[in-house]
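Heads up: the structure comes next, in C-alpha cells.
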Amino acid sequence: MTTTHPRFVSYIDKSREYYQAQGYEAPYRWATEATVPFAPMPGPLKSLRLGLITTADRAPRSEGRAGMLYAQPLASRGAFHTEMFWDRDATHTDDPETLLPIAAAEAAVAEGVLGSVSPRFYGVPTEYSQRRTREEDAPAILSWLQDDQVDIAFLAAL
Amino acid sequence: MVVGSARDIVETCGVPRFLFVDYPLGNPCGRPWAPAEQKGLFAQALRLLEGAYGPRTTVQAPERWVEDPAADRHWRENFMALRDRKALAEAGAARRAAQATGEKPVR
C-alpha cells in the first residue's frame, strides 16, 4: 500500500504483521484502559517536584529480571541499555538526554519555571506482561515517587 | 504524563497527558545531541501539564524528523518492513526452536 498522506505510524499494526510473518499467529493484546485517571496540578509548576521515569534498561537483559526496576541518583546519569523495540536504522540512543531529559529539567528549575527535580530518576523497563506492570512495577515506582515527595510523574517511553 | 513516539500504543492504553513527538522510536525527548531542541520539547511538556483539563489529552509537538517528504516516508515505512517474508519466517522458526531448548532467544 502506498501512503500518499503520511500520518503517524501504527506500531500496533506494524508489529502484528511483522510477528505474523515470523509465524506468531496470536497478536499481542495491547493494554487498553476503559477509564483513564486525571489529577489537576496540585499547584503552580514553580512550587512542584517532578520525577523523571524512563522505560530504558540500565542493565543487559541477559542479567534477568532481578534489578530491572531501578531508582538511581541523578548524579549517576549516563548510558542506558536500549535493547528493546526502537528504530535502529533511523537513529541511535547514544545521547541519554533523548531518553530522559535530565539536563532540560534541571534547566527549567534553574530558570524558576519548575520547583525541583526528584534527586533520583526511575526505571520501569519495557515489560510484555501487563500483570507485572500493574501488580509489581507500577506500585514499586509509585512507592519510590512518594518516598521522594514527587508531585509530577514524567514518563518518557522509549 | 507520558512523552513518546508510538501514538497508537499510548492512546490505545490511555494516559492523562501525552506529548506526542512524531519521531522514529528511540528519541522521544528530542534528537540526539540537540540540547536546544530537547529543552524546547521539555518546555512543551510543562505547558501540557499546566494546560490539560481532562484525561486522554494529546498534544503533538510540531517538530519534524525530516522535512523532505521522501525521507519522511522512508523512516515510517522502513521500520519493521516486510521485505523478505521467507527470511522472517525462518527467523521466527529458529527463535521458537531456541526457546524450546531453553537457549536465550535471539532478538
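With all protein chains present and a 1.4 Å probe, how do B:C29, B:C13 order by accessible area, largest first? Mind dumping the intermediate values first?
Numbers: B:C29 5, B:C13 40 Å².
So the residues, ranked largest to smallest area, are B:C13, B:C29.
Rounded to the nearest 10 degrees, what's the angle between the helix B:69-78 long axis and the longest principal axis of chain B, both from Cα atoms, 0 to 90?
On a 0 to 90 degree scale, this one is about 50.
If I take R0 = 41 Å and measure r between the Cβ atoms of A:A75 and B:A100 in this structure, what FRET efficiency does the formula 1/(1 + (r/R0)^6) give, to the nearest 0.05?
The formula returns an efficiency of 0.40 here.
Of the DSSP beta bridges with both residues in segment A:43-156, give the percent that are antiparallel, rounding to the nearest 5. Don't skip to the end; give the middle numbers.
On the way: 5 of 14 bridges.
Bridges in segment A:43-156 that DSSP calls antiparallel: roughly 35 percent.
Run through the DSSP bridge list for the protein assembly as shown and note the antiparallel percent, rounded to the nearest 5.
Just about 20 percent of them are antiparallel.
With every protein chain left in place and a probe of 1.4 Å, what is the accessible surface of B:W65, to the nearest 10 Å²?
About 40 Å², rounded to the nearest 10.
Test of understanding: in a Gaussian network model of chain A with alpha carbons linked when under 10 Å, which of A:T82, A:T133, A:T35 would top the mean-square fluctuation ranking?
Ranking A:T82, A:T133, A:T35 by mean-square fluctuation puts A:T35 first.
Taking 0.36 nm per residue of separation and subtracting the Cα-Cα distance, what length does fully extending A:S47 through A:W30 add?
Difference between extended and current length: 2.5 nm.
Please give the contour-minus-distance gain from A:E17 to A:E106: 0.36 nm per residue of separation, less the Cα-Cα distance, rounded to one decimal in nm.
That pair, A:E17 and A:E106, stretches by 27.9 nm at full extension.
Within chain A, what's the longest run with no trypsin sites (Lys or Arg not before Pro) in a DSSP loop and at most 16 other beta-carbon atoms within 10 Å? Give the range, please. Can you show the working numbers first?
Values: sites that count: A:R7, A:R29, A:R65, A:R77, A:R88.
No qualifying site falls inside A:89-158, the longest such stretch.
Give the long-range amide H neighbours of A:L158: residues separated by 5 or more places, or on another chain, with amide H under 5 Å away, using H modelled in the peptide plane at 1.01 Å from N.
Amide H neighbours of A:L158: A:T55, A:A56.
By the gyration tensor of its Cα atoms, with a ≥ b ≥ c the square roots of the eigenvalues, what is the shape of segment B:1-79: rounded for a/c under 1.5, prolate for a/b over b/c, or oblate?
oblate
For A:T133, project a label point 7 Å along Cα to C-beta. Then give me every residue of segment B:1-37 with its amide nitrogen under 14 Å of that point.
B:2-16
Quick check: the angle from helix B:35-51's long axis to the longest principal axis of chain B, C-alpha only, nearest 10 degrees?
So the inclination is approximately 70 degrees.
Classify segment B:15-59: rounded, prolate or oblate, from the alpha-carbon gyration tensor (a ≥ b ≥ c, eigenvalue square roots; a/c under 1.5 rounded; otherwise prolate if a/b is larger than b/c)?
Values: a/c = 3.99, a/b = 1.70, b/c = 2.35.
Since a/c reaches 1.5 but b/c is at least a/b, the shape of segment B:15-59 is classed as oblate.
Volume per residue, Å³, of the convex hull around the alpha-carbon atoms of chain A?
Spelled out: Cα convex hull of chain A, divided by residues, is 180 Å³.
List for segment A:97-113: residues with 40 Å² or greater reduction in accessible area, all protein chains versus chain alone, probe 1.4 Å?
With the partner chains in place, segment A:97-113 has these residues losing at least 40 Å²: A:T98, A:A104.
Hey, any idea what % of the protein assembly as shown's accessible area is carbon plus sulfur with a 1.4 Å probe?
Taking all protein chains in place, the protein assembly as shown shows 55 percent carbon and sulfur surface.
The values are calculated or read from the model by the stated rules, or taken from the named source; none is laboratory data. What you see is a predicted model, and the numbers here were worked out from it, not measured in a lab. Reconstructed Cβ throughout: ideal geometry from the backbone, glycine too, with neighbour counts over all protein chains shown. To get the accessible areas, we keep the full protein, side chains included, count just its heavy atoms, and leave off ligands, DNA and RNA. Shrake-Rupley method; radii C 1.70, N 1.55, O 1.52, S 1.80 Å.
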